[in-house]
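The values are calculated or read from the model by the stated rules, or taken from the named source; none is laboratory data. Here the structure is a predicted model, which is why all the values come from computation and not from measurement. Reconstructed Cβ throughout: ideal geometry from the backbone, glycine too, with neighbour counts over all protein chains shown. These area figures cover heavy atoms from the full protein model, side chains too; ligands, DNA and RNA do not enter into them. Shrake-Rupley method; radii C 1.70, N 1.55, O 1.52, S 1.80 Å.
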Amino acid sequence: MKVDPRGQRFAAAITTVVLAAVLVSASPWLLALQAVVFAVGAGAGVRHSPYGLLYARFVRPRLAPPGELEDAAPPRFAQAVGLAFSLVGLAGYLFVGAWLGIAATAAALLAAFLNAAFGFCLGCEVYLGVRRLLPAGRAA
Amino acid sequence: MAPEQVAGGAAAAAVLVLGTVLALVLRRRSGRFRAARSRGVVSAADEAAEGLRLTAEDIGAPLGERATLLQFSTAFCQPCRATRRVLAEAGALVPGVAHVEIDAESHLGLVRRLGILRTPTVLVLDARGAISTRASGQPRKADVIAALGRAVQ
């Protein structure tokens, strides 16, 4: 399945603002909302995430058709990485200590910011590195 | 403001500054070809032993007559599709060049041997399969053509 890359940048921009607001407010509830958004994006695909729907409803109709579509798998994987970090962050703010909440949220913010501002998918970049550390699996 | 809010705000500011620096560095380095190693007098056996020379068996496809563009990709790689197109276009301009794309995940042994950390990584092999140069990140077409020019000499 293909997605409009500009929708990804749009969603990443909203994510950046939300995660920055989480850090400034130290609000676990706002982080929980973002975690739900990540979960929907990872589970159902980025087009069905709330930010993807916002883009399709309000932004895309005002733009020219996309010059190029993108594979949906990389951003979906990145949403799953974002979900993992926001769950760790939630555990931090609620149970472990604010330091863990701040650290995990800051890591997710970095990924969202790089995607929004530079079109760079950090989750995708670390994929092979992580995969290399795992047992050989189906390595040839 | 509570202390965790002050610390959180500082962390957010730090991430935005560091992220910008990181992105600029990555953008500069991305897609640049660099020599596999200094070209000393190395015997063919040494090269093969160090994994610098690849065979058709290694890459699962015949080597190009004069050069091979070897691309490592994964399913979760944004620039891999655009890279595939750049390599196909550049390869078509130089006769005797093969373009081979490998799924990094199903060739982790080769990935580790070659020290590949990111996708896409592009290796330019000469006619014998020796690695002439490599680049990680999406390369520019002109750079690929220049790298091919060096490899087919």
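Who wins for biggest fluctuation among B:Gly96, B:Gly129, B:Gly60 in a Gaussian network model of chain B, springs between alpha carbons below 10 Å?
B:Gly60
When a/c is below 1.5 the answer is rounded, else prolate if a/b is larger than b/c, else oblate, so apply that to the protein assembly as shown with a ≥ b ≥ c taken from the square roots of the Cα gyration tensor eigenvalues.
Details: a/c = 2.43, a/b = 1.91, b/c = 1.28.
It is prolate, given that a/c is not under 1.5 and a/b is the larger ratio.
Note the buried accessible area between A and B here, summed over both chains, with a 1.4 Å probe, in Å² to the nearest 100.
Chains A and B together bury roughly 3300 Å² of accessible area.
Per residue of B:14-21, how many C-beta atoms from partner chains lie within 10 Å of its own C-beta, taken as a mean? Intermediate values should be presented prior to the final figure.
Values: counts 3, 14, 6, 0, 3, 12, 4, 0.
That works out to 5 on average.
Taking 40 Å² as the minimum loss, tell me which residues in region B:104-132 lose that much accessible area going from the chain by itself to the full protein complex (1.4 Å probe).
Those residues are B:Glu105, B:Ser106, B:Leu108, B:Arg112, B:Leu117, B:Arg118.
Enumerate the amide H contacts of B:Gln138 below 5 Å, restricted to partners 5 or more residues apart or on another chain; note that Pro and chain-start residues carry no placed amide H.
The answer is B:Gly31.
Please give the length that would be gained between B:Thr55 and B:Ala92 if that part of the chain were fully extended, namely 0.36 nm times their separation in residues minus their C-alpha to C-alpha distance (nm, one decimal). Walk me through the intermediate numbers first.
Working: separation 37, 0.36 × 37 = 13.32 nm, distance 2.18 nm.
Taking 0.36 nm per residue and subtracting the Cα distance, the gain is 11.1 nm.
Output the relative contact order of chain A, whole-number percent, from Cα pairs under 8 angstrom with separation of 6+ residues.
Reported relative contact order: 33 percent.
In square angstrom, what is the accessible area per residue of the protein assembly as shown with a 1.4 angstrom probe?
Roughly 49 Å² per residue, with all protein chains present.
Please compute the average number of Cβ atoms from other chains found within 10 Å of each residue's Cβ in peptide A:99-107.
Whole-number average of other-chain Cβ neighbours for A:99-107 is 3.
What average number of partner chain Cβ atoms lie no more than 10 Å from the Cβ of the residues making up A:117-125? Please report the intermediate quantities before stating the final value.
Details: counts 4, 7, 4, 9, 4, 4, 2, 9, 10.
Going residue by residue through A:117-125 and averaging, the value is 6.
Using amide H atoms built in the peptide plane, which far-off residues or other-chain residues are under 5 Å from B:His99 H to H?
Amide H to amide H, under 5 Å and 5 or more residues apart or across chains, B:His99 pairs with B:Leu69.
Probe radius 1.4 Å, ligands and nucleic acids ignored: give me the carbon and sulfur share of the accessible area of region B:33-151 as a rounded percent.
Answer for region B:33-151 is 53 percent, counting heavy atoms of protein chains only.
Label chain A by shape, choosing from rounded, prolate and oblate, from the square roots a ≥ b ≥ c of the eigenvalues of the Cα gyration tensor; if a/c is under 1.5 it is rounded, and otherwise prolate applies when a/b is larger than b/c, oblate when it is not.
oblate
Tally Lys/Arg at +1 and Asp/Glu at -1 over every other residue whose Cβ is under 13 Å from the Cβ of B:Ala98; what's the total?
Around B:Ala98, the charge tally is -2.
Report ³J(HN,Hα) in whole Hz for each residue of region A:111-126, in order, from the Karplus equation J = 6.51 cos²θ - 1.76 cosθ + 1.60 where θ = phi - 60°; Gly and Pro get x.
Computed from phi, the couplings for region A:111-126 are 5, 5, 5, 4, 5, 5, 8, 10, x, 9, 9, 5, x, 5, 5, 7 Hz.
Can you give the FRET efficiency for B:Ala35 and B:Ala2, using 1/(1 + (r/R0)^6), R0 = 41 Å, r = Cβ-Cβ distance, to the nearest 0.05? Before the final figure, lay out each step's value.
On the way: r = 54 Å, r/R0 = 1.31.
The pair B:Ala35/B:Ala2 has a calculated efficiency of 0.15.
When all protein chains stay in place, what accessible area (Å², nearest 10, 1.4 Å probe) is found for A:Tyr55?
Roll a 1.4 Å probe over it and A:Tyr55 shows about 10 Å².
Which whole-Hz couplings ³J(HN,Hα) result when phi for each residue of region A:59-65 is put into the Karplus expression 6.51 cos²θ - 1.76 cosθ + 1.60, θ = phi - 60°, listed in order with x for Gly and Pro?
9, 4, x, 8, 9, 5, x
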